[in-house]
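Colleague: Following this message is one structure expressed as structure tokens.
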Amino acid sequence: MKSIDRRDFLKTAATSLAAVAACGFIAAPANAQEKLSVNDPTAKALNYTEDASKVDAAKAPTYKKGSHCATCALYQAAAAKGDYAPCGAFGGKLVAAKGWCAAYAPKA
């Protein structure tokens, strides 16, 4: 039986990975580029809205005037796509920069 050296192993591994990726077996998570719906169960549970200026303080007692997603620590601004970016509170789904939810945590 022929032994395989490290160089051959790496070539085989790289070729295999490329083939698998080309077949579509490796893909980004489906929710990574998906906008969060206000009807999503998690969005409802956290009182998510796409416009923080319309937050009803009676329904969202933790809301502080002036807070919005773009100033939240969970908002991943570096990956923003226009006015939307992934949010850690919603599994990376895209949320509005002007939005707000009860998971709001001001950036330090």
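The values are calculated or read from the model by the stated rules, or taken from the named source; none is laboratory data. Since we're looking at a predicted model, the values are computed, not measured. Note: ideal-geometry Cβ built from the backbone for every residue, glycine included; neighbour counts use all protein chains shown.
Colleague: Looking only at the range 61-94, how many residues end up being under 17 Å from N39 (Cβ atoms) and in a loop (DSSP other than H, G, I, E, B)? Reasoning before the result, please.
Modeller: Step one: list which residues in the range 61-94 are under 17 Å from N39 (Cβ atoms), which gives 84, 87, 89-91, 93-94.
Cutting the leftovers down to in a loop (DSSP other than H, G, I, E, B) gives us 91, 93.
Residues meeting the conditions: 2.
Colleague: Right, something else. In the range 17-32, is there at least one residue being β-branched (V, I, T) and at pLDDT 95 or above?
Modeller: No, there is no match, as no residue in the range 17-32 is β-branched (V, I, T) and at pLDDT 95 or above.
Colleague: Here is a follow-up. What do you reckon, is A57 modelled with pLDDT under 90, of a type in the set (A, V, I, L, M) and exposed (fewer than 14 other Cβ atoms within 10 Å of the Cβ)?
Modeller: On the way: modelled with pLDDT under 90: yes; of a type in the set (A, V, I, L, M): yes; exposed (fewer than 14 other Cβ atoms within 10 Å of the Cβ): yes.
Here the answer is yes, as A57 does meet what is asked.
Colleague: What's the number of the only condition in (1) under 16 Å from K35 (Cβ atoms); (2) of a type in the set (A, V, I, L, M); (3) out of contact with any helix residue (DSSP H, G or I) (no Cβ under 6 Å at 6 or more places or on another chain); (4) in contact (Cβ under 8 Å) with a residue 24 or more places away in the chain that A97 fails to meet?
Modeller: Here A97 meets the rest and fails (3).
Colleague: Go through (1) surrounded by 14 or more Cβ atoms within 10 Å (Cβ to Cβ); (2) small (G, A, S); (3) within 16 Å of the chain's Cα centre (by Cα) for A78 and report which single condition fails.
Modeller: Single failed check for A78: (1).
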